[in-house]
Amino acid sequence: MITNTPTAHIIDGIALSQKLRTDITARASALKARGITPGLAVILVGENPASQVYVRNKVKGCQDCGFHSVLEKFDATMAEAELLARIEALNNDPAIHGILVQLPVPKHIDANKVIEAISPLKDVDGFHIASAGALMTGMPGFWPCTPYGCMKMLESIGYDLKGKHAVVIGRSNIVGKPMALMLLQKNATVTICHSATKDLKAFTLQADVIVAAVGKRDVVTADMVKPGAVVLDVGMNRNDEGKLCGDVDFEGVRQVAGYITPVPGGVGPMTITMLLMNTLEAAERAAI
Ligand code: GUN
C-alpha cells in the first residue's frame, strides 16, 4: 500500500531572491537617474577559502543589480591600524554607501574594533553596536542580513508571527540574537536555545517556527518537529560525501514540517540579497 506522506512546502530562497533583486535593481536604477550609484566596499583580509567564495558572490550580486562595488583584498599579515585607516577612508568616501569587512579576520586583528570603526550609516552588515541597539529598541537601522533574510522568507509565505512560538537554536551576534529580536518585534513568543540547553527536543516540539543556526548537521530531526511547523535552516555544513547541508535533516523533517528551507538554495542566497537591500537603503538615505 502506498501511504500518502505529507510533504512540506519548500521556501525557495533563489526564487525569492530573484524577485527581490528585480525590485532592488529597479530602485538602484531610479537612484542612478538622480546621479547616485549605490556603492559597496568589501574588504577581505587573508585567504580563508570560504570567505573568498562569499566575497566573490557579494561583489557579483552588486554587479547584477547595477551597483558600484570595490573588493579590497589584503594579505593576512596586514596591521590592524592599516585596516582601521582603510575603513576610515571608506567612511569618508561619498561613492561608498556600504562597508563590509568579511569575518573572520586574522587573529592579530580585533574584530570588534574593526566593526566599531565602520560608520553606522554604512554598516550594511548590521554588526555595529549602534545597529544592534537600534534593532533592540525598534529604532531605524541596518538589520543583520541572515536573520533579515529569514524574516523576508516568513513574509513571503504570508506567515503571521503574532502569538506564535518561535524557537531559535543558536545565540550568535550575527544570527541567533538578532533573529530572536526580529521575531519578538513581530509579536512571537521567542525561546533561544543553545549549546547548554537541556532537552532541546522539548522546546522544538512546542515550536510553530524553528530557526536552526548552530553550524552542525542533523541538529533538528523529524522527531523534534511539530507537524506543520515552519523550519528555517541557516546552517552551512558538509556531509560525509562532502555535499553542502544545513543543520536540519531535510529529508526527514520535510515529511513533518509545513514549510522548510533547503540547503543550498534557501537562506544562503537571501543573505546576499538583504546585503544588497541594506546597501541600496544606505544609498537612498544618503540621497535625501
Ligand atoms: N562571515 C560569515 N558571515 C558573514 C557576514 O554575514 N558578514 C561578514 N562580514 N562576515 C561574515
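We did not get these values from a lab; they are worked out from the coordinates using the rules stated. In this text the structure is predicted, and so the values were computed from the model without any measurement. FYI the Cβ positions are ideal-geometry reconstructions off the backbone, even for glycines, and counts take in every protein chain you see.
Annotations for the structure displayed:
- In degrees, nearest ten, helix 145-156 long axis to first principal axis of the chain (Cα): 50 degrees
- Centre separation in Å (Cα based) which lies between the stretch 51-129 and the stretch 231-270: 29 Å
- Per-residue HN-Hα couplings for the stretch 216-223 [Karplus 6.51, -1.76, 1.60; θ = phi - 60°; Hz; x = Gly/Pro]: 8, 6, 6, 5, 10, 10, 3, 5
- Length gained when the stretch Glu82-Lys32 is fully extended (0.36 nm per residue, less Cα-Cα span): 14.8 nm
- For the stretch 19-109, the relative contact order works out to 39 percent when only alpha carbon pairs closer than 8 Å and six or more residues apart are counted.
- Rounded if a/c under 1.5, otherwise prolate or oblate - the chain, Cα gyration tensor axes: prolate
- Here is how the number arises for the chain: DSSP H runs of 4 or more residues each give -39500 (n - 2.57), the sum is divided by the residue count, and the result at 222 nm is -12500 deg cm²/dmol.
- Cα-based shape type of the stretch 167-277, given that a ≥ b ≥ c are square roots of the gyration tensor eigenvalues and the cut on a/c is 1.5: rounded
- Prolate/oblate/rounded label for the stretch 105-221 (Cα gyration tensor, a/c 1.5): oblate
- Eigen-decomposition of the gyration tensor built on the alpha-carbon atoms of the stretch 1-159 gives equivalent ellipsoid semi-axes of 31, 21, 17 angstrom, largest listed first.
- Listed residues Leu161, Leu20, Leu244, most fluctuating in the chain (Gaussian network, C-alpha, under 10 Å): Leu244
- Cα long-axis angle, helix 13-33 against the chain (0 to 90 degrees, to the nearest 10): 30 degrees
- Full-stretch length increase - Lys186, Gln63 - with 0.36 nm per residue and alpha-carbon distance subtracted: 41.0 nm
- Folded to 0 to 90 degrees: helix 176-185 orientation relative to the chain principal axis, Cα: 80 degrees
- Each label point was placed 7 Å from the Cα along the Cα-to-Cβ direction; for Met139 and Ala287 their separation is 2.6 nm.
- Where trypsin sites (Lys or Arg not before Pro) in DSSP loops with at most 14 other Cβ within 10 Å are excluded, longest remaining stretch of the chain: 35-106
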